[in-house]
Amino acid sequence: MDLNEISLQLQAGKAKIVKTLVQQAIDEGIPAQKILEEGLLAGMSVIGEKFKNNDVFVPEVLVAARAMNMGANLLKPLLAEDGVKATGKVCIGTVKGDLHDIGKNLVKMMMEGKGLEVVDLGTDVAPETIVKTAQEQGCQVICCSALLTTTMGVMADVVKAAEAAGIRDSVKIMVGGAPVTDAFCQQVGADAYTPDAASAAEKAVEFCA
């Protein structure tokens, strides 16, 4: 079967069709990794590009991601059997005092759409929790999100907590959110600021390489 059809249906957000097509591809003996890359990730990559260029918006990204997840759930056990490792591991959270999660969730979806494994800590996460998780789970990247100017400062605490835990050299720290800027990123000593979810995913892949 043509795996591009999976990509197209995913872009259209047709979760049930994607699930059916993925199962069909599995039944035809197409390797799980190939279905993942040429079907699901290829489709999500197009959505990421379009989102970056404002050709699609948050609702479209959400339905495409839901379609991707339905397909990916069928592939996960097969990928595990084949010993396929994610291309990297990232932990993500909205910092302490901040309850906004739409941006964080978009970044998570885009990252998963690039084949990264994402540990999602949710919102209102203490710096120590973020760092401890990165340590225990062996994450290469920590991503912090903030939507309030009042909680931005907590990102500096995340950098300090990583230093205190002795993992600052082995982990990259990314920051993002509406009030965050590149200058702020440099000021707190983080490694990267990206203006949107698609760029964040690309940067994380780079860091994990």
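The values are calculated or read from the model by the stated rules, or taken from the named source; none is laboratory data. These numbers come from a predicted model, not from an experiment. Here the Cβ is made from the backbone with ideal geometry for all residues, glycine too, and neighbour counts use every protein chain on show. Heads up: the accessible areas ignore ligands, DNA and RNA and are worked out on the full protein's heavy atoms, side chains in. Shrake-Rupley method; radii C 1.70, N 1.55, O 1.52, S 1.80 Å.
Can you name every residue in segment 166-180 that is open to solvent by less than 60 Å² (accessible area, probe 1.4 Å), touching a helix residue (DSSP H, G or I) at 6+ places or on another chain (Cβ under 7 Å) and either charged (D, E, K, R) or not in a strand (DSSP E or B) (or both)?
Hits for segment 166-180 are I167, R168, V171, G177.
Among the numbered conditions (1) over 30 Å from P127 (Cα atoms); (2) of a type in the set (G, A, S); (3) in contact with a Leu (Cβ under 6 Å, 6 or more places away or on another chain), tell me where G93 comes up short.
(1)
Only one of these is more than 19 Å from K108 (Cβ to Cβ), touching a helix residue (DSSP H, G or I) at 6+ places or on another chain (Cβ under 6 Å) and part of a helix (DSSP H, G or I): A161, A204, A183, A198. Name it. Let's see the steps before the verdict.
Details: A204 fails: more than 19 Å from K108 (Cβ to Cβ); A183 fails: touching a helix residue (DSSP H, G or I) at 6+ places or on another chain (Cβ under 6 Å); A198 fails: more than 19 Å from K108 (Cβ to Cβ).
The match here is A161.
Scan segment 163-184 and report the pairs whose first residue is under 21 Å from A197 (Cβ atoms) and whose second residue is surrounded by fewer than 13 Cβ atoms within 10 Å (Cβ to Cβ) and not hydrophobic (A, V, I, L, M, F, W, C), with Cβ atoms within less than 6 Å and a gap of 6+ or a chain change.
Going by the 6 Å Cβ cut-off, the qualifying pairs are P179/T149.
Of these, E117, E163, E128, which one is under 30 Å from V63 (Cβ atoms), surrounded by fewer than 22 Cβ atoms within 10 Å (Cβ to Cβ) and among the acidic types (D, E)?
Only one candidate passes the filter, namely E117.
Here's the yes/no breakdown for (1) touching a strand residue (DSSP E or B) at 6+ places or on another chain (Cβ under 9 Å); (2) under 21 Å from A197 (Cα atoms); (3) of a type in the set (S, T, N, Q):
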{"position": "Q11", "(1), (2), (3)": "no, yes, yes"}
{"position": "P31", "(1), (2), (3)": "no, no, no"}
{"position": "E37", "(1), (2), (3)": "no, yes, no"}
{"position": "A42", "(1), (2), (3)": "no, yes, no"}
{"position": "I47", "(1), (2), (3)": "no, yes, no"}
{"position": "N53", "(1), (2), (3)": "no, yes, yes"}
{"position": "V58", "(1), (2), (3)": "no, yes, no"}
{"position": "V63", "(1), (2), (3)": "no, yes, no"}
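Identify the residue in segment 56-69 that is open to solvent by 50 Å² or more (accessible area, probe 1.4 Å) and within 16 Å of the chain's Cα centre (by Cα) and, among all such residues, is farthest from K16 (Cα to Cα).
The selected residue is L62.
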